[in-house]
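Nothing in this text is a laboratory measurement; each read-out follows from the coordinates by a stated rule. Model, not experiment: these values are computed from the prediction. Don't worry about glycine lacking a Cβ; one is built from the backbone with ideal geometry, like all the others, and counts go over all protein chains shown.
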Amino acid sequence: MWRAIVLCGSLLSLTSAVQAATGEQPLSPAQLAALSQHAGYLHEAGLAFEHGEGVPREPERAAACYCESARQGNAEGMYALGWMYANGRGVPRDDAYAGTLFAMASMLSHPQAERMMRYTGPYTGAVPSCLLAPAWEQDEGLVGRLMARLPADRHAIILQVARTAPEFGVDARFALAIASTESAFNPLALSPRNAMGVMQLIPDTAARFNVRNAYDPAQNIRGGLAYLRWLLAYFRGEVRLVAAAYNAGEGAVERYQGVPPFPETQAYVTRIQAYFSEQTHPYDASVVESSAVMAPLFMADR
């Protein structure tokens, strides 16, 4: 009966699969605090999208942020998502989901949650699919391999990349492949070409995606994921082209009508696909119009 609460009620339960895969000790208080802070940030982002505070009003995106916050154990996220389901805002109205979410928030001592159950009904065990573990958590091998070969101070950043990626419509496994190849999740990495941080953003790309401090892991990760989302739309989800463009720039991919013949870029794409073997990736066509230069190639691939 309490399966969903066990799954979503604490950050420890959400990291247990990773710890089992790696043989790690439980995350340190500092790491748990960082994850808790991220869950709180997701709730705040949901509020902004729900009410249009500094960003366009997007109830669907608000619900997605609340759901990820709830999945990471944040009581405010659980309550907010329950309210969205109770009122049919950004999601179809569903009192069974709402009642379960309010019960979960109440278990974590949310002050208004128990009162809301009077209107939606009690815990039913029904949960929206977004609360279930995503592919990267079900695939213990990927995260386990990354954690096994990297120092403990990188582990929280690995989780941060994986958990932030869905906000940008990026498969967490693809995001992990990029970050691992770029910097091995080192937030202080600096390349000879002045690429900085976890996602190795050059100054122009950082500015383009509103990253003010490229050495702040949260800003850097979000900037890199925003760029990946843009590239996925620009190259219509062609993974090899997106990976090549992340390494060599979209202009180089267009110039060579495919993966450029540079040894570094060829090796980079091969390494990315060793982690993420899919050839195509879903993309949001509303982000940017796809490359006109590559249109003949896209047509040929149909």
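Laid out as a table, the results:
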{"read-out": "Least to most buried among His51, His155 (fewest other Cβ within 10 Å first)", "value": "His51, His155"}
{"read-out": "Average Cα contact separation per residue, the chain, under 8 Å, 6 or more apart, as relative contact order %", "value": "11 percent"}
{"read-out": "Alpha-carbon centroid distance for the pair segment 170-193 / segment 248-287, whole angstrom", "value": "15 Å"}
{"read-out": "HN-Hα J in Hz across segment 151-167 - Karplus 6.51, -1.76, 1.60, θ = phi - 60°, x for Gly and Pro", "value": "x, 4, 6, 8, 5, 5, 6, 4, 5, 5, 4, 4, 7, 7, 3, x, 4"}
{"read-out": "Mean separation of Cα contacts under 8 Å, 6 or more apart, over the residue count of segment 185-302: relative contact order %", "value": "21 percent"}
{"read-out": "Rule-of-thumb Rg ratio for segment 135-301 [Cα; 2.2 N^0.38 Å; N residues]", "value": "0.98"}
{"read-out": "Simple Cβ-charge dipole of segment 135-301, Lys/Arg +1 and Asp/Glu -1, about Cα centre, in debye nearest 20", "value": "340 debye"}
{"read-out": "HN-Hα J in Hz across segment 279-285 - Karplus 6.51, -1.76, 1.60, θ = phi - 60°, x for Gly and Pro", "value": "8, 10, 9, x, 8, 9, 5"}
{"read-out": "Rounded to the nearest 20 debye, dipole of the chain from Cβ charges on Lys, Arg, Asp, Glu", "value": "120 debye"}
{"read-out": "Under Karplus coefficients 6.51, -1.76 and 1.60, residue-wise ³J(HN,Hα) of segment 73-81 in Hz, glycine/proline x", "value": "x, 8, 5, 5, x, 4, 5, 5, 5"}
{"read-out": "Projected label distance in nm at Ala292 and Cys130, using a 7 Å step from Cα toward the beta-carbon", "value": "3.6 nm"}
{"read-out": "Leu101, Leu108 arranged by Cβ crowding within 10 Å, fewest neighbours leading", "value": "Leu108, Leu101"}
{"read-out": "Ranked packing of 192-199, 227-234, 290-297, most packed first, by mean Cβ within 10 Å", "value": "227-234, 192-199, 290-297"}
